[in-house]
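A short write-up of the structure that comes next.
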Amino acid sequence: MRRRSFLAGAAALGGAAAQDPAIPIIDTHIHLFDPTRPQGVPWPPKNNAVLYQPALPARYRSIAEPLGIAGAIEVECSSWLEDNQWVLDIAQKEPIIVGTIGNLEPGKPEFGRNLERYHRNPLFRGIRYGNLWGRSLAAEIANPEFITDLKLLSEAGLVLDTANPNPELVEAVVRVSDKAPNLRIVVDHLPQLDPPAEAGALRAYRTNLRELGRRPEVYVKISQVLRRLDGRVPEDLAFYRDRLDELWGVFGEDQLLYGSDWPNSDHWAPYPKILGVVREYFVAKGRNANEKYFWRNSLKAYRWSRRSAGQPGV
């Protein structure tokens with residue numbers, strides 16, 4: 001990364017949001033796809049004018065590197081099994097991608113075979129399972145084969161990323177963690193969750209959230225922070241502070257991760273604005289918390305390996 005490009009990007013964020021250039025960033029949530037390939041893509045749909053264009057590492061790099069992004073974790077957005085390999089092949093040629101989270105189904109007879117196949121590639125860091133592709137984490141907890149496969153995932157040193165949280169999923173993560181206590185779990189997009197309005201349900205949700213906060217193997221992505229309100233997307237940190245404060249109060253500096261959700265984030269704002277809100281929030285927490293949020297915690301959660309000199313490591 002060129003220093004001039006980095007400083008230009010940091011200056012564009014302005015004032016308190018400018019990141020110390022000594023602190024690199026690992027973005028733990030991006031998607032890769034190419035609608036122009038012969039087989040097409042299952043997502044995004046053709047009528048999505050924002051997303052229906054190639055989202056590949058070169059495009060991501062041109063946006064992210066000037067802002068201080070040193071590496072990224074790709075999270076699978078395709079329900080097609082062979083797209084696990086497609087992403088790994090793309091990532092292999094691109095050092096900015098330090099890991100991928102794939103799509104495999106625990107509880108299916110072929111899970112172990114598929115896990116062995118993809119885990120041979122060290123870039124494969126885990127799987128995604130949650131409110132996606134017609135699946136439900138809560139519905140599968142009573143399935144012994146499902147839990148056995150999650151333990152197999154844990155024994156391989158890999159991660160379970162959840163998808164699209166709601167209160168039921170938060171409760172399900174507690175129960176999965178009970179049954180597979182050594183499994184590292186990453187809960188995505190929690191700032192986007194609307195807590196229940198009913199008093200009893202709200203108490204249960206907050207109890208489950210606090211329980212996850214007591215489990216060091218559980219991490220939370222501060223991703224999908226921005227929201228649309230009355231047809232506009234507020235870009236002022238003050239609008240999001242209460243929600244961020246709640247998650248900070250529960251999970252603290254050791255369990256929170258940065259994720260942009262690029263390019264899906266383009267629905268809300270350009271990448272610099274997505275990053276700018278959380279930068280401003282975490283810069284105020286001090287250097288130690290800043291480093292943990294922007295890269296150190298991702299290393300604990302995903303156990304990725306450095307692929308270029310500009311990436312951090314221990």
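The values are calculated or read from the model by the stated rules, or taken from the named source; none is laboratory data. Because the structure is predicted, anything quoted here is derived from the model rather than measured. Backbone-built Cβ (ideal geometry, glycine too); neighbour counts: all protein chains shown. In case anyone asks, the SASA skips ligands and DNA or RNA and just uses the protein heavy atoms, side chains included. Shrake-Rupley method; radii C 1.70, N 1.55, O 1.52, S 1.80 Å.
Miscellaneous remarks
- Subset of segment 159-189 that is polar (S, T, N, Q) and assigned to a loop (DSSP other than H, G, I, E, B) - its residue that is farthest from Tyr118 (Cα to Cα): Asn166
- Qualifying residues in segment 201-242 (those that are under 23 Å from Arg296 (Cβ atoms) and among the basic types (Lys, Arg)) - the one most open to solvent (accessible area, probe 1.4 Å): Arg214
- Residues of segment 21-41 that are of a type in the set (A, V, I, L, M, F, W, C) and open to solvent by 10 Å² or more (accessible area, probe 1.4 Å): Ala22, Val41.
- Those residues of segment 259-310 which are among the hydroxyl-bearing types (Ser, Thr, Tyr) and surrounded by 19 or more Cβ atoms within 10 Å (Cβ to Cβ), in sequence order: Ser260, Ser265, Tyr271, Tyr281, Tyr293, Ser298, Tyr302
- Within segment 159-187, tally of residues that are over 18 Å from Cys77 (Cβ atoms), touching a residue at least 40 places away in the same chain (Cβ under 8 Å) and among the charged types (D, E, K, R): 1
- Residue among Glu235, Glu246, Glu211 that alone is over 18 Å from the mean Cα position of the chain (by Cα) and in a loop (DSSP other than H, G, I, E, B): Glu235
- For Val277, the test of being among the β-branched types (Val, Ile, Thr) and either in a loop (DSSP other than H, G, I, E, B) or farther than 28 Å from Leu123 by Cα (or both) is passed.
- A single entry from Gly276, Gly231, Gly259 fulfils the requirement of being out of contact with any strand residue (DSSP E or B) (no Cβ under 9 Å at 6 or more places or on another chain), closer than 30 Å to Ala49 by Cβ and touching a residue at least 60 places away in the same chain (Cβ under 8 Å): Gly276.
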